[in-house]
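J.: Just passing along the structure, written as structure tokens.
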Amino acid sequence: MRERLIALRTRREQLIARAAAERGELAAAIARTDRVSEWLGSGTAALAALGRHPLWLAAAAGVLVALRPKRVFKWLASAWSLWQIYRQASESWRRLSTPLAAVPERRSQR
């Protein structure tokens, strides 16, 4: 009887640990879908704003024609590169700042 209770307790602990791991995976998946839905909401709002102001679309098309498409593509490539550098730097900063926040401050020794 005692061995059976020990086996049940062990199995219960394993199931609790498995459930906790699955809850963590589910939370991560939900966080990713929340970010995607935020982007979609922002994009939908931007498209709706452009639909309410078609003059902006005409002005943007005029700027593209005036600047020549080749130059615009160079600017877009530069902007994309800068965006990628910004994202990598902010991710690195976030990873570095989290452990540093946990380190207690050293008081000057007198």
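The values are calculated or read from the model by the stated rules, or taken from the named source; none is laboratory data. Just so we're clear, the structure is a prediction, and the values are computed from it rather than from any experiment. Note that each Cβ is placed from the backbone with ideal geometry, even for glycine, and that neighbours are counted across all protein chains shown. These area figures cover heavy atoms from the full protein model, side chains too; ligands, DNA and RNA do not enter into them. Shrake-Rupley method; radii C 1.70, N 1.55, O 1.52, S 1.80 Å.
J.: Taking only protein heavy atoms into account and a 1.4 Å probe, give the accessible area per residue of the chain in Å².
T.: Details: 10830 Å² over 110 residues.
About 98 Å² of surface per residue is accessible.
J.: Relative to the longest principal Cα axis of the chain, at what angle does helix 69-102 sit, 0 to 90 degrees, rounded to 10?
T.: Here the helix axis deviates by roughly 30 degrees.
J.: Go through L82, L40, T98 and say which Cα lies farthest out towards the positive end of the charge dipole of the chain; charges sit on Cβ, +1 for Lys and Arg, -1 for Asp and Glu.
T.: T98
J.: Let me ask you something else. Rounded to the nearest 10 Å², what accessible area does T33 have for a 1.4 Å probe in the complete protein model?
T.: 80 Å²
J.: Residue by residue through the stretch 43-49, which ³J(HN,Hα) values in whole Hz follow from phi under the Karplus form 6.51 cos²θ - 1.76 cosθ + 1.60 (θ = phi - 60°), with glycine and proline marked x?
T.: x, 4, 5, 5, 5, 5, 5
J.: Same structure, new question: Once the cut-off is 17 Å, how many percent of the Cα-Cα pairs in the chain end up in the long-distance tail? If you can, show how the numbers build up before the last one.
T.: Working: 4840 of 5995 pairs.
When all Cα pairs of the chain are counted, 81 percent exceed 17 Å.
J.: Now a separate question. Calculate the dipole size of the chain relative to its Cα centre from +1 charges on Lys and Arg beta carbons and -1 charges on Asp and Glu beta carbons; express the result in debye to the nearest 20. Write down the numbers at each step before the final one.
T.: On the way: 20 positive and 8 negative charges, 75 e Å.
Value, rounded to 20: 360 debye.
J.: Considering only protein heavy atoms and a 1.4 Å probe, what is the carbon-and-sulfur percentage of the accessible area of the chain? List each step's numbers first, then the result.
T.: Numbers: 6960 of 10830 Å².
Carbon plus sulfur share of accessible area: 64 percent.
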